[in-house]
Amino acid sequence: MINLSSSTREDVPQLNEWIQVDPYHKHQGQPEWWLTGGGLLSFCLMDNKGPLAYVRLDDEGEYVRINTQFGPESIVSKRRLVVGMLQCMSLLTDIYKTQGKKGFVFESISPTLITFMSKRQGFSSIGGSEYRVDFEAKEG
């Protein structure tokens with residue numbers, strides 16, 4: 001079972017560590033950007049063993065942009081992460097569909113993440129390193 005927990009100043013040291021070992025994020029922004037209170041919704045995605053990822057959602061009109069800082073594989077197994085992400089995406093889809101959003105977008109150059117989001121969540125390329133899924137397309 002997953003839990004969407006507030007991300008707080010106490011999470012900054014962990015965020016710093018995770019960002020520094022992430023080849024896709026180590027040159028981007030400050031850890032405080034991920035804390036609850038920023039964006040549309042920001043939280044720490046957790047399971048019964050602990051944190052899996054930090055997530056920040058931003059409003060982009062008809063869509064919601066997903067930003068994610070994953071825990072390193074040495075701390076968070078791929079299996080735990082996949083289970084947590086699938087549950088989280090299902091929950092977020094339900095929430096934002098009821099709010100009238102059309103879908104989600106994200107940006108990535110990580111082949112692993114792109115493949116997962118395409119095959120398991122139905123995202124498609126919309127050009128460059130941008131990907132989108134429409135809620136209607138997921139239902140069909």
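The values are calculated or read from the model by the stated rules, or taken from the named source; none is laboratory data. Note that the structure is a prediction, hence the values are computed from the model and not measured. All Cβ positions, glycine included, derive from the backbone under ideal geometry; neighbour counts span all protein chains shown.
For the stretch 90-103, the tally of residues that are under 15 Å from the mean Cα position of the chain (by Cα) and either part of a loop (DSSP other than H, G, I, E, B) or of a type outside the set (Val, Ile, Thr) (or both) stands at 5.
For the stretch 65-89, the candidate set comprises residues that are over 19 Å from residue 7 (Cα atoms) and β-branched (Val, Ile, Thr); within that set, the residue that is farthest from the chain's Cα centre (by Cα) is 83. Can residue 95 be described as at pLDDT below 95, β-branched (Val, Ile, Thr) and out of contact with any strand residue (DSSP E or B) (no Cβ under 7 Å at 6 or more places or on another chain)? Considered against the rule, which asks whether it is at pLDDT below 95, β-branched (Val, Ile, Thr) and out of contact with any strand residue (DSSP E or B) (no Cβ under 7 Å at 6 or more places or on another chain), residue 95 comes out as no.
Looking across the stretch 1-36 at every residue that is more than 21 Å from residue 106 (Cβ to Cβ) and among the hydrophobic types (A, V, I, L, M, F, W, C), the one that is surrounded by the fewest Cβ atoms within 10 Å (Cβ to Cβ) is identified as 1. Screening the candidates 76, 83 for the property of being farther than 22 Å from residue 132 by Cβ and in a helix (DSSP H, G or I) yields one hit, 83. Is it the case that residue 73 is in contact with a Leu (Cβ under 9 Å, 6 or more places away or on another chain), surrounded by fewer than 20 Cβ atoms within 10 Å (Cβ to Cβ), free of Cβ contacts under 8 Å to residues at least 24 places away in the same chain and within 22 Å of residue 112 (Cβ to Cβ)? So residue 73 passes the test.
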